[in-house]
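Take a look at the structure below.
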Amino acid sequence: MTGSGKDAIRRGPAALHSEAKRQASRLFPVLLGASLVLAGCDAAEDTAVATADQAATAAAEFRQTAYRVRADFAAPLNADSGWAADSNTPAVVRADHPFRLRLEVEAPEDAAAQQFQLEFRRNEGNWEPLAAEDFPYPVKELALNFSREQDTSPAETWNLIAGDASALVWQQEGDSGFLRMTAHKGPLLALAQYHTHWEPIEFKAVMRLPESSTAGILFGYRDPDNHYRLELEGGGALRVVQRRNGSEAVVQSEDVGVKTGQWLEVAVDWEGSEVSVAYEWDPYIQGPEFTWDLGETIDESPAGLYLPANSAADLRLLEVSGATHTPRASIVSSSAFAHGDETTNLLPGSELPFAAGAGINYADTSPSWSASGNHSEWEFPIVVRYFSDHANINETGDTFEFRMTGSDGEPLASAHLARVTLEVPEGHLGGTFVETPTRIGPWEAENGDLYFIMEPSETDNVMMMVKSTDGGISWLEVDGANRPGTGDLEGVGSVHVDGSIHILHQTSDHVFYHRFRTADSAEPDSWEIRDERLASPVEPPVQVADIAVRSDGSVVGVYGNLHKILYRVRSPDGEWSEETVVDPDDDRDLSGPVLVRGRDDVVHLAYTGLDGTAWYRSILPNGDLTPRQAVAAGLGTEVQDAGGILPLVYLTDSDAVSIIYRLDNGELWERRAGGDGKLTEAVRVTDRAVVRNAADAEQVGADAIAYGADVHVLFIEEGTNRLFHTWRDGDGGWSEPSLEVDGETVLWVRGMAIKQSAEGAVYGYVYDGGSFGGSGMNRYAEVPLTAR
């Protein structure tokens, strides 16, 4: 459950006006000198007074006197090494590659304490606050984990407003435990004690209630007599209680039959006067969510828990979250130092005595500093992104300037404005990978242009079609003004046929069809069909979708519901058939469907059972299904095993389908289905364990393609997250894997045979080099195929 954003504008026109005045004051001595030549010596005394006044004004100001850019992001805070350029010299930084900026500041005599912030501008545009948003995954979460015994006493973890410490007792349960909270004759009201650099907008708890008990999460807390509570009544309702001046009223209530005796997850988030509540009790079934308008703005407050008299609850987790964004540039976290660690004197700009400043770690405001008549140094970890929210893009050659502001929001006078120039590395896509076990490209047009489906950022889940006209060296979005309006890109399958990329897209609520025209179409690089809804199934445990296009232009789309997979056929004139349920009489739950079109418009289908099985059958041109055949068992029985089959590979010459799947021990195995439908014996692809669900995507970390009679596989090794390539020559054995990507945490990979490269055929692929579900780490690379 994700809260919506709350950007705060900290500085406005006054700051820009102040900067304009400063620029005018810097011009003033030059103009004054010119007037002296004309006016003669009579003006000398006035000039001396004016110059003295100006010097006095400058002495009364905080000044940013030097800067230096550090390229080595992992360097210790006060190391005199790893610099990208000399002091006060603009540096080149790479997109989606964090760097650090060190700034020197002088304080005037009798200066008031200051807390500094940073502003930035791109290509000499408007100045904007530089927010704290992390990279590559923009998370703002603080988890108070009570599944293990706490090092601190309850009195240090909680501020007990009502009740006493004897009401909080840690309990062992198996290998972990929980915090038991008990209210006896009176209520228990406890506020969690913690600190964040950001405003919380969501509280989440994992708790367990015995029968006849009630527990609640406090939010909008002012004092014991003025707050809100989200209450769970064991066996009964989920409700919002308002307490005002000591009087209580239930303002919203939903009877959901709150489960007792088992672990539950409940979350509340708010924006303005609107409150959203989510309740989960099952790992497979999506729980209910409710949104209410409470009629008044919810106050920022600490998280807390409430139990009425004679109630009890067990607590595993209390999590505090803030709104996250992915801006063009931001302050990020650093493992090299803690927020507030003291700096030493490294920069040569100031001759005033030194008083330590600090390193700023994932915060947009510095600690307070008040060393009058001294100078300090401050170091900020920063990233400039390629793609950011709203599909904004920064390109090679863009300039970014940075300046410090004081507690009043006014910019400091600057002797040397910090400046960097952006470089986008070759093959860099940035953005966010689509979470899908099926194909998303890169698709190749007849002229060699490449296309790939992705999102701009983890916090802005819109579908982009990005394109490369130079063989994967550079990538830009095409027809962004007309992209689909549907986000939630988890179940996405696509296929490129006759100048169009056909896309099936399952969200939490619906299934959509989109179509994009590539360079080899009559209207190149344009969205033709967007957000065509074909189904609204009950949400499955994992969103899944794949698509195949027949020779007559009809489209076969497969997707999931809570228990089964289903398919529909879109006729050449755009009408969708009734849905067909696959294996309706089988008790097992199904998922992970993958499709590929074969000879005579037969569509081959493989899928997984949540009992750890894999299955194969075909959809014939008349719509009939061939009998199902068991491919394998032992794929794993967790939800994360749903996408246990790689994209299907069709071998044209032999009219065979290669079905490659991952067993629970991590090994990849292959079976082939011939034109007669018979399955060959299983052959092991690699004995190296392959990752699954590497970044919350319920899929195998591997990809497969056909090239002639060969099958080629890229896979991510479990434990090391290195990327390997292996291939099978016709009906021969699989080759010894070759290492393709090392030194990066590879999480996803998808590719295709690219036949029009200047160097010959290649396996062109896009991989995520370590975003952990965030953004900025997608890159394009190739494996030569002709030599094979």
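The values are calculated or read from the model by the stated rules, or taken from the named source; none is laboratory data. Worth saying up front: this structure is predicted, and the values here are computed from it rather than measured. Ideal geometry is used to build each Cβ from the backbone, glycine not excepted, and the neighbour counts take in all protein chains shown. Side chains are part of the model used for accessible areas, which takes the heavy atoms of the whole protein and leaves out ligands, DNA and RNA. Shrake-Rupley method; radii C 1.70, N 1.55, O 1.52, S 1.80 Å.
Just give me the residues in region 172-189 being open to solvent by 60 Å² or more (accessible area, probe 1.4 Å) and under 18 Å from LEU317 (Cβ atoms), in sequence order. Correct list: GLN172, GLU173, GLY174, ASP175, ARG180.
Return yes or no: is VAL649 in contact with a His (Cβ under 6 Å, 6 or more places away or on another chain) and open to solvent by less than 30 Å² (accessible area, probe 1.4 Å)?
Against the criterion (in contact with a His (Cβ under 6 Å, 6 or more places away or on another chain) and open to solvent by less than 30 Å² (accessible area, probe 1.4 Å)), VAL649 does not qualify.
Does PRO541 fit the bill of being open to solvent by 20 Å² or more (accessible area, probe 1.4 Å) and modelled with pLDDT of 95 or more? Considered against the rule, which asks whether it is open to solvent by 20 Å² or more (accessible area, probe 1.4 Å) and modelled with pLDDT of 95 or more, PRO541 comes out as no. Note on region 414-439: among residues that are closer than 30 Å to TYR67 by Cα and in a strand (DSSP E or B), the one that is modelled with the lowest pLDDT is SER414.
The rows are residues; the columns are (1) assigned to a strand (DSSP E or B); (2) open to solvent by 10 Å² or more (accessible area, probe 1.4 Å); (3) in contact with a Lys or Arg (Cβ under 6 Å, 6 or more places away or on another chain).
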residue	(1), (2), (3)
ARG684	yes, yes, no
ALA694	no, yes, no
ALA697	no, no, no
ALA704	yes, no, no
PHE715	yes, no, no
THR720	no, yes, no
HIS725	yes, no, no
ASP731	no, yes, no
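So which of LEU347, LEU315, LEU412, LEU417 is open to solvent by 20 Å² or more (accessible area, probe 1.4 Å) and either on the phi > 0 side of the Ramachandran plot or among the hydrophobic types (A, V, I, L, M, F, W, C) (or both)? LEU417 is the lone residue from the list that is open to solvent by 20 Å² or more (accessible area, probe 1.4 Å) and either on the phi > 0 side of the Ramachandran plot or among the hydrophobic types (A, V, I, L, M, F, W, C) (or both). Cβ separations smaller than 7 Å between residues 6+ apart or across chains give the following pairs from region 562-589 residues that are over 15 Å from ASP552 (Cβ atoms) to residues that are open to solvent by 30 Å² or more (accessible area, probe 1.4 Å) and polar (S, T, N, Q): LEU566/THR580; TYR567/THR580; ARG568/SER577.
If I ask for residues that are free of Cβ contacts under 8 Å to residues at least 40 places away in the same chain and either open to solvent by 70 Å² or more (accessible area, probe 1.4 Å) or in a strand (DSSP E or B) (or both), which ones from region 276-292 would you list? Residues satisfying the conditions are GLU280, TRP281, THR291. For SER330, the requirement of being open to solvent by 30 Å² or more (accessible area, probe 1.4 Å), modelled with pLDDT of 95 or more, within 30 Å of GLU423 (Cα to Cα) and under 22 Å from the mean Cα position of the chain (by Cα) is not met. Taking the criterion of being touching a strand residue (DSSP E or B) at 6+ places or on another chain (Cβ under 8 Å) and either closer than 16 Å to PHE433 by Cα or of a type outside the set (A, V, I, L, M) (or both), the residues of region 449-459 that qualify are ASP449, TYR451, PHE452, ILE453, MET454, GLU455, PRO456, SER457, GLU458. Condition test on GLY491, is it surrounded by fewer than 16 Cβ atoms within 10 Å (Cβ to Cβ) and either at pLDDT below 95 or under 17 Å from GLN286 (Cβ atoms) (or both)? Criteria not met by GLY491. What is the residue count in region 440-474 for residues that are under 17 Å from ARG517 (Cα atoms), touching a residue at least 24 places away in the same chain (Cβ under 8 Å) and in a loop (DSSP other than H, G, I, E, B)? Residues that pass the stated criteria total 9.
State the number of residues belonging to region 475-496 that are among the acidic types (Asp, Glu) and part of a strand (DSSP E or B). Let's see the steps before the verdict.
Here is the first cut: in region 475-496, the ones among the acidic types (Asp, Glu) are 477, 479, 488, 490.
Those still in the list that are part of a strand (DSSP E or B) too: 477.
Looking only at that region, the number is 1.
When we screen ALA363, ALA336, ALA309, ALA356 for residues that are in contact with a His (Cβ under 6 Å, 6 or more places away or on another chain), part of a loop (DSSP other than H, G, I, E, B) and either of a type in the set (A, V, I, L, M) or open to solvent by 40 Å² or more (accessible area, probe 1.4 Å) (or both), the only hit is ALA363. Please go through region 108-150 and give me each residue that is open to solvent by less than 20 Å² (accessible area, probe 1.4 Å), at pLDDT 95 or above and part of a loop (DSSP other than H, G, I, E, B), ordered by number. Within region 108-150, PHE116, LEU130, GLU133, ASP134 meet the criteria. In region 341-358, the residues that are under 9 Å from GLU104 (Cβ atoms) reach residues that are of a type in the set (Val, Ile, Thr) and crowded, with 18+ Cβ neighbours inside 10 Å with C-beta atoms within less than 9 angstrom, at least six apart or across chains, in these pairs: LEU347/THR65; GLY349/THR65; SER350/THR65; SER350/VAL105; GLY357/VAL105; GLY357/THR343. A Cβ distance below 7 Å, combined with a sequence gap of six or more or placement on separate chains, defines the contacts here; from region 694-719, residues that are hydroxyl-bearing (Ser, Thr, Tyr) reach residues that are open to solvent by less than 20 Å² (accessible area, probe 1.4 Å) and outside any strand (DSSP E or B) in the pairs TYR707/ALA761; TYR707/LEU785. Considering region 597-631, and only residues there that are acidic (Asp, Glu) and out of contact with any Lys or Arg (no Cβ under 7 Å at 6 or more places or on another chain), the residue that is least open to solvent (accessible area, probe 1.4 Å) turns out to be ASP624.
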